[in-house]
Amino acid sequence: MKVCMCKQCMEFYLFLDSSEKVLSCCNEPLENLEVELFELENDSHPIEIKKTGNFYKVQFKNYKTLDIHHIKYLILKTNLTTQIKKIENQSDITFLLDFNEEVENLYAYCNIHGLISYKL
Ligand SMILES: [Zn+2]
Ligand SMILES: [Zn+2]
């Protein structure tokens, strides 16, 4: 997986396979975003994860409506799939997992912090 962001138009790109190709946007090469590791409990974007059956719910603990600084996308990587959700004003997001699906990584993209990987 490769995540890029264009510094000019702020377009977000998610490449499911890490190709070595150099891609560009707005006539500039796209650079990979660095991943920052966050604890579930952190000052900026604390989350709580609730697993109920096949539902994997991510709750934003300090969610504020219309906050300029916010998480825009959540990416859930499992042993079987990669799911991405765009967040439009929700305090929680639920992913549906298959029976034999195990969560490997949870990423978030924040408009200020950039790419975050939660320590699960
Ligand atoms: Zn662009
Ligand atoms: Zn942030």
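Coordinate-derived values only; no laboratory data. Given the structure is predicted, the values throughout are model-derived calculations rather than measurements. So basically every Cβ, Gly included, is an ideal-geometry build from the backbone, and we count neighbours across all protein chains shown.
Among the candidates V58, V35, V22, the residue that is under 21 Å from G114 (Cβ atoms), free of Cβ contacts under 8 Å to residues at least 40 places away in the same chain and among the β-branched types (V, I, T) is uniquely V22.
Against the list (1) closer than 24 Å to E11 by Cα; (2) within 11 Å of ligand 2 (Cβ to nearest atom), the condition Y107 fails is (2).
Can you report the number of residues in segment 1-22 which are assigned to a loop (DSSP other than H, G, I, E, B), more than 10 Å from ligand 1 (Cβ to nearest atom) and either acidic (D, E) or in contact with a Ser or Thr (Cβ under 9 Å, 6 or more places away or on another chain) (or both)? Qualifying residue count for the region: 4. The number of residues in segment 59-116 that are farther than 18 Å from P46 by Cβ, loosely packed, with under 15 Cβ neighbours inside 10 Å and acidic (D, E) comes to 4.
A count restricted to segment 42-58 and to residues that are exposed (fewer than 15 other Cβ atoms within 10 Å of the Cβ) and in contact with a Cys (Cβ under 8 Å, 6 or more places away or on another chain) stands at 1.
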